[in-house]
Amino acid sequence: MIIIIKAVLLILLIPIALLHCYWLLGGEWGLDACLPNDLKLIKKKYTTNAILIFRWLSLAPVIGILGVLIVDLVNLIDLLKPYRFQFYCIMGALFSLRAKLGWLLFPFFIKKELFIQKNNLIFSPVALFLGLAYLGLAFLQ
């Protein structure tokens, strides 16, 4: 059961990481729907260097989570075994919190209709599923 959950997490997190890498390298497909602000407004307001820093900051957590999951899946480093429960609980709590904030608070503070629509249909349900999967891993250990 644990292997199935880890495989599903990998199947979900790899495309997310690849999409963030694409955005980091300058791609813009799907980026406007994923940003709570208008992409044209962001390009006018911030310098190219600031936008590049935002891109790097958005990629770092995704790569980190994916890396730890891959290392844990193939059991490459035994140093992670004692911390699995804590890692899974923290990831489960963070993803679940992201989902709850997306459904409860984002519609009140973000006025971009495209983002709200994608958030309700894609981002928050995926975040909730990831959170529940990580919590499942934590308690199945």
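Okay, residues lined up against (1) β-branched (Val, Ile, Thr); (2) under 18 Å from the mean Cα position of the chain (by Cα):
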site	(1), (2)
Val8	yes, yes
Leu13	no, yes
Asp32	no, yes
Lys45	no, no
Leu57	no, yes
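Within region 66-80, is even one residue within 25 Å of Leu10 (Cα to Cα), among the β-branched types (Val, Ile, Thr), free of Cβ contacts under 8 Å to residues at least 12 places away in the same chain and in contact with a helix residue (DSSP H, G or I) (Cβ under 7 Å, 6 or more places away or on another chain)? So that I can check it myself, show each step before the final result.
First, the residues of region 66-80 that are within 25 Å of Leu10 (Cα to Cα): 66-80.
Now narrow it down to the ones that are among the β-branched types (Val, Ile, Thr): 68, 70-71, 74, 77.
Retained after the next criterion (residues that are free of Cβ contacts under 8 Å to residues at least 12 places away in the same chain): 71, 74, 77.
If we keep only those that are in contact with a helix residue (DSSP H, G or I) (Cβ under 7 Å, 6 or more places away or on another chain) too, we end up with 71, 77.
Yes, region 66-80 contains a residue that is within 25 Å of Leu10 (Cα to Cα), among the β-branched types (Val, Ile, Thr), free of Cβ contacts under 8 Å to residues at least 12 places away in the same chain and in contact with a helix residue (DSSP H, G or I) (Cβ under 7 Å, 6 or more places away or on another chain).
Among the residues of region 71-89, is any under 25 Å from Cys21 (Cβ atoms) and at pLDDT 85 or above?
Step one: filter region 71-89 for residues under 25 Å from Cys21 (Cβ atoms), giving 71-74, 76-77, 80, 87-88.
Filter again for at pLDDT 85 or above, leaving 88.
Scanning region 71-89, I find at least one residue that is under 25 Å from Cys21 (Cβ atoms) and at pLDDT 85 or above, so the answer is yes.
Please go through region 3-39 and pick out each residue that is charged (D, E, K, R) and within 22 Å of Gly102 (Cβ to Cβ). Even if it seems obvious, please write down each step before you answer.
Initial filter on region 3-39 (charged (D, E, K, R)): 6, 28, 32, 38.
Once the filter is applied, which keeps residues that are charged (D, E, K, R) and within 22 Å of Gly102 (Cβ to Cβ), region 3-39 yields Asp32, Asp38.
With the condition kept exactly as written, say whether any residue in region 40-48 is modelled with pLDDT under 80, more than 22 Å from Leu137 (Cβ to Cβ) and surrounded by 14 or more Cβ atoms within 10 Å (Cβ to Cβ). It would help to see each step written out before you state the result.
From region 40-48, those modelled with pLDDT under 80 are 40-48; that's our starting set.
Next cut, more than 22 Å from Leu137 (Cβ to Cβ) only: 40-48.
Okay, now just the ones that are also surrounded by 14 or more Cβ atoms within 10 Å (Cβ to Cβ), so 42.
So far as region 40-48 goes, yes, one or more of its residues are modelled with pLDDT under 80, more than 22 Å from Leu137 (Cβ to Cβ) and surrounded by 14 or more Cβ atoms within 10 Å (Cβ to Cβ).
Mind checking whether some residue in region 51-61 is of a type in the set (Val, Ile, Thr) and within 29 Å of Leu135 (Cα to Cα)? Walk me through how you get there before you give the answer.
Looking only at region 51-61, we keep the residues that are of a type in the set (Val, Ile, Thr), and these are 51, 53.
If we keep only those that are within 29 Å of Leu135 (Cα to Cα) too, we end up with none.
Taking every residue of region 51-61 in turn, none turns out to be of a type in the set (Val, Ile, Thr) and within 29 Å of Leu135 (Cα to Cα).
Which numbered condition trips up Leu57, out of (1) out of contact with any helix residue (DSSP H, G or I) (no Cβ under 9 Å at 6 or more places or on another chain); (2) modelled with pLDDT under 80; (3) over 23 Å from Ile116 (Cα atoms)?
(3)
The values are calculated or read from the model by the stated rules, or taken from the named source; none is laboratory data. None of these values were measured; they are calculated from a predicted model. Please note: Cβ atoms are built from the backbone with ideal geometry, for glycine as well, and neighbour counts cover all protein chains shown.
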